[in-house]
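Derivation of every value follows stated rules applied to the coordinates shown; laboratory data play no part. The model shown is predicted, which means the values in this text are computed figures rather than measured ones. Because the Cβ atoms are built from the backbone with ideal geometry, glycine has one as well, and the counts that use them run over all protein chains shown.
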Amino acid sequence: MCGDGYAAVAERRAMEVKTIVDECLELWRDPYPHLARLREEGERPVGVFCSYTPEEILHAAGLTPVRLMGAVRSLTHADAHLQAYCCSLARTDLDMALAGDLDYLEGAVFVQTCDTMMRLSDIWRRNTAFPYHGDLVLPIRMGEEVSLPFLEEEVKRFRRGVEEFAGQRIWDDALEESVHVYNRNRRLAERLYKARASGAIDGLSAMACLLAGFWMRREKHNEMLHELLERIEGAGAAAGEERVPLLVSGSVCTTPDLFELILELGADVVDDDLCCGHRYFDAFVDESSSPEEALAKRMWERVNCPAKHQCIEDRFQRLVRQVMDSGAKGVVFYLQSFCEPHLFDLPYLRQRLQEELEVPSLVLESELQSFSRGQLRTRLQAFIETITGV
Amino acid sequence: MSEDVRERTQEEKADRERRKIKSAGAMRELMTKYYLEAKGAEGTDRHIAWITSGAPVEPLIAFDVIPVYPENHGAMCGAAHMNVELCEVAEGRGFSRDLCSYARGDIGSAITKGGPIGGLPRPTFLVACNNICNTVFKWYEELARFFEVPLFIFDTPFVRGDLPEHLAAYSVRQMHEYVSFLEEMTAKEYDEARFMDVAAKSLFASALWKEVLACNEHRPAPMTCFDAFILMAPIVTLRGTQEVVDFYQGVLEEMKRRIEEGVGILPSERYRLLWDNIPVWYEMRNLGKLFMELETCLVADTYTSAWTFEGVDAEKPLESMARIYTEVYLNIDLERMADKIESLATRFGVDGMIMHSNRSCKPYSLGQYDLAKEFTRRTGKPALIIEADHTDSRWYDRAQIETRIRDFVENLLLPQT
């Protein structure tokens, strides 16, 4: 093949990559119309809010877990049930459910992570008419022998609840198969992050491609990630200006705005500590032991949500490692307003990042019912300028 | 001043004196002695543990550890109108104003030693139990970093419906772990006989407290729940000691005497209301006056009864206590909470309910809108929700809240739809 041929192949590849990324970005901007279509196509979507949800069990029962991460919207129904001092994820998700905007769901799974989720479960159950309602109660003490048997029992109880709803047993081999599918997804996500680290894909595109999996059958996402990685891996860093490397820490990014703005402002996300990102796919489910026990074990040993406890230093130690490994020059904490678990950790994380690593940080709070991209931009710009010294 | 008027004021004074709860003095003495002892122990070889209000304190008493309660201290700072300045110290260190004001005030006080008693004595270790909220373990993680002392977390996952066996078993395992932790901290061995004695006293005091609260079923009520908020300090902090048993025996005698003599806490009791959530500590005096003026007695509440434990099995004290601590009021689902509220409403014969939507306490407050509706559905009585914060007065709008309470009470006689 001549030189022109290589160029043509490269161009075609770039176009194919762009098509995949664009589709994912579109999903990220507004996944809900797509979820309604899933239903029309015969899937049975179940809403999940939390990265601790054992999605494999739902998947094995023929249900399609889909992540609900709120929406930018003004509230019409939720204020009659939830006070203004809880996070906008809870408020906008409940609002959508009460407004009938999520009627295509079979129901939702409530994992007990924080006080808001614990009460949201009751409020949701009492005021909606979805056929399925799942609860999974987690311990806060993770990674300690004392809590593991409890967690295993909870996973079993959760499975029985799903079986009851599905009207049939979930066979172990079906569950093992689902575990395999999700583990493959985790391996592909790791590869995606490696590709990002090598500069083969930017932070915005990588995050979009990861998140897309929340809103489709996982096998399909695996295929998509595979197609993507085949085209970008080994391609090396795209030429271009040097970008300011940032790490984003927090819960979820409901919209792509933050990642988009970071790119626009001459920086890029080189790693994250988000529950829709790195924390979501951290650690594998051991395929050699019983699936329930293995699912419990993974939750128990994976990286913690700040609403869980391992030791008082675990989050900082992990963050330090991530900052060092990724070469991030700044950390953006992107949190939900009123999110106590995250807000409690902020002062010590920020202080020690500054004192021990000389890494500056910025705190941005997200309130979906009064979302302002302009404000986000101004604050990010000032922060990035302090790093570059402009 | 005419003879007539003077006589009337003297009569009023005598009447006020007659209505005053005398045990309040004994309580102040008891609490002063306790805080003096705790403060005096700082820097000696006695162990001091900071502990959350819903955590099992009996093992600490049995190990001769002095328990110290930041939440009780927070209430004290709030009532003394000193918590806002302490919160501001924490806010200056990066703690969000959206965090619990008990936690912010406590972190502020740990830094500055501020507050009405010059801060709490330094802990040798910490004990947090999340049966009241998940805020506490994050707050105590911060304390553990600040003081560089060990933290024991007694983890009580949320109970939906009946307490499942695997959850009870988890609590029991931790109770044993807690005891081992204390053995390690204090270098003493667990003494079961001592623990049984403490548990028995705790149970006895708790039973007395329950009887005290039940006295308010009587009309006119011998106290308001605002008095109960004050009188509950010993059951929260020192249950398991003989002094607390003696104290509540005194309180119970006084309440029974008041009932016999027909002495109500208010000069006139027209309406009886139920209170939900933690008190608005900095506003107790003003609210107390308002309710007295409205001839309305807050006869019961969902808060003070959280320390009335039942069902301790003398054969298995550790095990049964572990179960009890897991199923406290804030760790159960809305249906069970509604049952509890309904039962209080019936027992105490209330005309309505006031719910404090407390910015600082999500597990207590989220769900109140649904509970209010459920309360009205089940009892036919109205409910009012007021927005405030237990110790951060910057969130309190007195004029608006007082107007709403007045309107609510005036409308109490109207039929409910």
Please identify the pairs in which a residue from the stretch A:332-358 that is closer than 20 Å to B:Leu366 by Cα and at the interface with chain B (Cβ under 7 Å from one of its Cβ atoms) has its Cβ atom under 7 Å from the Cβ atom of a residue that is of a type in the set (Gly, Ala, Ser) and not in a helix (DSSP H, G or I), counting only partners at least 6 apart or on another chain.
A:Ser337/A:Ser366; A:Pro341/A:Ala307; A:Leu343/B:Ser96
Scanning the stretch B:61-101 for residues that are within 14 Å of another protein chain (Cβ to nearest Cβ) and assigned to a loop (DSSP other than H, G, I, E, B) gives B:Arg93, B:Gly94, B:Phe95, B:Ser96, B:Arg97, B:Asp98, B:Leu99, B:Cys100
Determine which single condition A:Ile262 fails, assuming it passes every other condition in (1) farther than 20 Å from A:Glu385 by Cβ; (2) touching a residue at least 40 places away in the same chain (Cβ under 8 Å); (3) outside any strand (DSSP E or B).
(1)
Only one residue in B:Leu120, B:Leu126 is more than 12 Å from every other protein chain (Cβ to nearest Cβ) and farther than 30 Å from A:Lys156 by Cα, so which one is that?
B:Leu120
Flagged in the stretch B:348-375 as more than 28 Å from B:Phe95 (Cα to Cα) and within 14 Å of chain A (Cβ to nearest Cβ), in numbering order, are B:Tyr369, B:Asp370, B:Leu371, B:Ala372, B:Lys373, B:Glu374, B:Phe375
Pull up the stretch B:157-170, narrow it to residues that are facing chain A (nearest Cβ under 9 Å) and under 24 Å from the mean Cα position of the chain (by Cα), then point me to the one that is farthest from B:Ile107 (Cα to Cα).
B:Arg160
If I filter the stretch B:41-56 down to residues being outside any loop (DSSP other than H, G, I, E, B) and of a type in the set (Gly, Ala, Ser), which single residue comes out as surrounded by the fewest Cβ atoms within 10 Å (Cβ to Cβ)?
B:Ala41
Evaluate the stretch B:331-348: report whether one residue or more is among the aliphatic types (A, V, I, L, M), under 18 Å from A:Tyr85 (Cα atoms) and out of contact with any Pro (no Cβ under 8 Å at 6 or more places or on another chain).
no
Give me the pairs: first residue in the stretch A:136-154 and more than 11 Å from B:His166 (Cβ to Cβ), second residue outside any strand (DSSP E or B) and among the basic types (Lys, Arg), beta-carbon distance under 7 Å, and six or more apart or on different chains, which are they?
A:Ile140/A:Lys308; A:Met142/A:Lys308; A:Val146/B:Arg173
Output the helices (runs of 4 or more DSSP H) that fall wholly within the stretch A:1-83 and possess 3 or more residues being basic (Lys, Arg) and away from chain B (no Cβ under 14 Å), or say none.
A:3-29
Residues within the stretch B:374-401 that are surrounded by fewer than 16 Cβ atoms within 10 Å (Cβ to Cβ) and assigned to a helix (DSSP H, G or I), tallied
6
With A:Arg126, A:Arg141, A:Arg169 as the choices, which residue is more than 9 Å from chain B (Cβ to nearest Cβ) and basic (Lys, Arg)?
A:Arg169
Counting just the residues of the stretch A:291-315 that are within 23 Å of A:His59 (Cβ to Cβ) and of a type in the set (Gly, Ala, Ser), which one comes out nearest to the chain's Cα centre (by Cα)?
A:Ala296
Checking A:Ala307, A:Ala328 in turn, the sole residue that is part of a loop (DSSP other than H, G, I, E, B), within 14 Å of another protein chain (Cβ to nearest Cβ) and surrounded by 18 or more Cβ atoms within 10 Å (Cβ to Cβ) turns out to be A:Ala307
Taking the stretch A:278-293 and the residues there that are closer than 17 Å to A:Trp171 by Cβ and acidic (Asp, Glu), the one that is surrounded by the most Cβ atoms within 10 Å (Cβ to Cβ) would be A:Glu292
For the stretch A:197-208, give me each residue that is of a type in the set (A, V, I, L, M, F, W, C), assigned to a helix (DSSP H, G or I) and within 20 Å of A:Gln322 (Cβ to Cβ).
A:Ala197, A:Leu204, A:Ala206, A:Met207
Restricting the stretch A:84-111 to residues that are surrounded by 24 or more Cβ atoms within 10 Å (Cβ to Cβ) and assigned to a strand (DSSP E or B), the residue that is farthest from the other protein chains (Cβ to nearest Cβ)
A:Ala108
So for the stretch B:179-199 (the condition being assigned to a helix (DSSP H, G or I), crowded, with 17+ Cβ neighbours inside 10 Å and within 14 Å of chain A (Cβ to nearest Cβ)), does at least one residue qualify?
yes
